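The values are calculated or read from the model by the stated rules, or taken from the named source; none is laboratory data. Everything numeric in this text was worked out from a predicted model, so none of it was measured. Glycine also receives a Cβ, built like all others from the backbone with ideal geometry; neighbour counts cover every protein chain displayed. These area figures cover heavy atoms from the full protein model, side chains too; ligands, DNA and RNA do not enter into them. Shrake-Rupley method; radii C 1.70, N 1.55, O 1.52, S 1.80 Å.
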Amino acid sequence: MIALEERLAVALAELILDPAAPPARHIAVGAASPIPAAACWLVAKRGHPVRLSLLHKRSGNPFTEGSRELFDLTGQGRIDLFFLGGGQIDGQANLNLLGTGAWPGGTVRFPGSFGSAFMYFMCPRTILFREEHSPRVLVDRVAHISAPGLSPPDVFRRGTAQALVTGRCVFSFDAERGRFRLQSLHPGETAAGVRAATGFDYDEATEVPGTPDPTEADLALLRGPIRAEMMETYPAFCARVFDRKAAA
Amino acid sequence: MITIEAMAASVPDGAMLALPPDNSLPSVALAKALVRRGVRNLRLLGVPVSGFATDLLIGAGCVAEVQSSAVSLGEAGFAPRFSAAIRAGSIVMRDATCPAIHAMLQAAEKGVPFMPLRGLIGSDILLHRPDWKIVQNPLSDVPDRIVLLPALSPDIAAFHAVMADRDGNVWLGRRRECATLAHASRRVLVTVERFFDGNLLEDERLAPGTISGTYVEAVALAERGAHPVALLDEYSFDAEYVATYARAAQTQAGFDDWCAREVFGRAVAA
């Protein structure tokens, strides 16, 4: 049995390796991101030369100036790819990590923007990831913009969203048009079902392919060496996703 | 070297108190001592985000304002007393974004009035920060808007380190962003696990992870003073303790019981 988390990690790995996207030589992974971290490890363990900087790694943390060093590296253009999520994400790839209702979150307060209002501009590409795919998360227009998906020409910006991966599907993002496009459907999902669960409008081909299944080789990497790498930082995640023999 | 209660007593009501987040040496021991002292109207600065100690201080009614890029308990979820205080409107929230906090402290460290930062333009955070200004890049011939952030000198910075020596030098290990915080702040209060016999700056291997006693006003001994947060390779994150807190603090009454037990050491009727 393949866990959804394993499928999502493999889908993210395929996006990292997308030959049409700018090269990912140095990837940083921020707080509480076990599935993106697993995807990065998968790229590395498949043998691709990539440097991973995992902000929340306790032993052997790559930064000796804390998160300040991550932002300085990114400011210089030395981080090629970052992952961001959002309490809300809209059809123009705007992110809301702040909250809903009256500023700064009178109805629901999310934790806050973290570094999104900088990273989203300064990385050549960002992969958006949010497992919950529902109309309350994927909205037509975010209540507050913590980081905009697009910027005018007089604002320095290296890149924007490459794609949005959810628990139901993969969307690609067309920055020229400022629109998402349904790229692939995870097993058990239909185009109509995704449409109903999505609060923003997007483009869609007449035939939408399925998100490919993880290969046996990828599953072996995830459940073996990648689990071992992630155990210290994400013990609960590793136990839930990779140690399911008792539950299976 | 002073006691932690004396250290807490030296923090005046209304001070801007800068705290590092849960992955970078917060002094939870000092936060608990501040709750016991009954400090009021603190203006907390998350460097660059806020965690357990901030939620604790908010729950105990010690906080008037939070400036931070996020307030969260990490894997244990949203910070419950912070969220409740935002809903109730009982604290002022000044949202920032992580590198902006670092940049404001770096400006103070250098003694310059502001630091420019990319990004931010188009974020609603900027609309709510009248102290952050957009200017045309004066060195560019083409339209290029950029944000200027004012220097920020917190009244007090507090963190928990592994060790300090008798000269007030403090060893941070690789968490050297706390050095920038120390350089930028008017006063620096540090709790430590233990004292180091000798001078940290005379050891070539320890010196790069050390901040000079020049910046440090006082050091207090607090064993396991970061708990439940991890401290370098000394001890790991106590996820169960934080999860228990997160459940209890869903309500003010639950928080009060937790606080009586864990901060004041009182037996609480079951």
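Per-structure values
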| read-out | value |
| --- | --- |
| Two-site FRET efficiency, B:Arg194 against B:Asp167, from Cβ-Cβ distance with R₀ of 22 Å, rounded to 0.05 | 0.90 |
| Separation in nanometres of the label points that stand 7 Å from Cα toward Cβ, at A:Ser59 and B:Arg261 | 3.2 |
| Alpha-carbon centroid distance for the pair region A:89-103 / region A:1-35, whole angstrom | 23 |
| Kirkwood Rh, Cα atoms: Rg over Rh of region B:100-150 | 0.97 |
| Chain B: radius of gyration over Cα atoms, expressed as a fraction of 2.2 N^0.38 Å | 1.03 |
| Calculated FRET efficiency for the pair A:Glu132/A:Glu232, C-beta based, R₀ 22 Å, to 0.05 | 0.25 |
| Per DSSP, loop GluC sites (Glu not before Pro) in region B:183-270 with at most 15 further Cβ within 10 Å | B:Glu204, B:Glu223, B:Glu234 |
| Spin-label model distance (nm) - A:Trp103 vs A:Asp243, 7 Å beyond Cα toward Cβ | 4.6 |
| Heavy-atom surface of region B:100-150, accessible at 1.4 Å and reported per residue (Å²) | 48 |
| Efficiency of FRET from Cβ geometry, A:Phe156 and A:Asp18, R₀ 35 Å, rounded to 0.05 | 0.90 |
| Extreme residue, positive dipole direction of the protein assembly as shown, given options A:Ile79, B:Asn169, B:Pro21 (C-beta unit charges) | B:Pro21 |
| Sequence-distant residues sharing a close amide H with B:Ala161 (under 5 Å, placed H) | B:Thr191, B:Val192, B:Glu193 |
| Residue order for A:Thr64, B:Thr214 - accessible surface, 1.4 angstrom probe, largest first | B:Thr214, A:Thr64 |
| Debye intensity ratio I(q)/I(0), log10, the protein assembly as shown, q values 0.07, 0.08, 0.12 Å⁻¹ (C-alpha model) | -0.38, -0.51, -1.15 |
| Principal axes of region A:39-165: Cα extent on each, largest first, Å | 43, 34, 26 |
| Under 10 Å, Cβ to Cβ, from A:Thr166 - net charge with Lys/Arg +1 and Asp/Glu -1 | -1 |
| Net length gained if the chain between A:Arg195 and A:Asp213 were fully extended (0.36 nm per residue, minus Cα distance) | 4.3 nm |
| Scaled radius of gyration (Cα, divided by 2.2 N^0.38 Å) that region A:4-247 gives | 0.98 |
| Overall Cα dimensions of region A:58-105 - principal axes, largest extent first, Å | 40, 22, 17 |
| Note, ³J(HN,Hα) from phi for region B:120-125, Karplus 6.51, -1.76, 1.60, rounded to Hz, x at Gly and Pro | 6, 5, x, 8, 5, 4 |
| Lysine-lysine proximity count for the protein assembly as shown, Cα under 27 Å, sequence distance 8 or more or distinct chains | 5 |
| Span-like helix ranges in chain B, DSSP H, alpha carbon extent 30 angstrom or more, Kyte mean at least -0.5 | none |
